[in-house]
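Chemist: Before anything else, here's the structure in question.
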Amino acid sequence: MKLFCHAFETTLKEFDNKGLYLAEKAGVSTGIISHFRNDAHAITTDSLEKLLAVLPDEAFALWLSQVTHNRHLEEFVESPIALNSFVHKLDNQGAAALLGAIADRLRESPPLKSSAKN
């Protein structure tokens, strides 16, 4: 848990986020946040998910980049080869979820203009 705690503490400092603000927004106690920031007490996955969900996108991206950096996974995040390896390791349910997310993303994008000649 130390890895997540350290990344969370660094992220809050970098973005000057206050525990009280996050507690109110996420619906968790300030004690939970304090214990998590100081790696003094385990946090439930439910509370962690709530805290990460209320972080601004830039702050969440920083938290995630710190976790990947500390696990030496930068290549996994940046490399198409690693992405290909990741996809091949998915079970059918995971692959279906990934395809659904990609389909949703494509539906949100404006359609490409056709370059067909008349």
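The values are calculated or read from the model by the stated rules, or taken from the named source; none is laboratory data. It should be emphasised that the depicted structure is a prediction, and the values quoted were computed from it without experimental measurement. Here the Cβ is made from the backbone with ideal geometry for all residues, glycine too, and neighbour counts use every protein chain on show.
Chemist: Considering only region 1-53, give the helices (runs of 4 or more DSSP H) lying wholly within it that have at least 3 residues that are farther than 14 Å from GLN66 by Cα.
Modeler: Per the criteria, 19-26, 30-37.
Chemist: Mind checking which pairs have a first residue in region 1-25 that is touching a residue at least 60 places away in the same chain (Cβ under 8 Å) and a second that is part of a helix (DSSP H, G or I) and polar (S, T, N, Q), Cβ under 6 Å, 6 or more apart or different chains?
Modeler: Matching pairs, first to second residue: LEU3/ASN70; ALA7/GLN66.
Chemist: At pLDDT below 75, under 20 Å from the mean Cα position of the chain (by Cα), surrounded by 12 or more Cβ atoms within 10 Å (Cβ to Cβ) and among the β-branched types (Val, Ile, Thr): which single residue out of VAL67, VAL77, VAL54 fits that description?
Modeler: The unique qualifying residue is VAL77.
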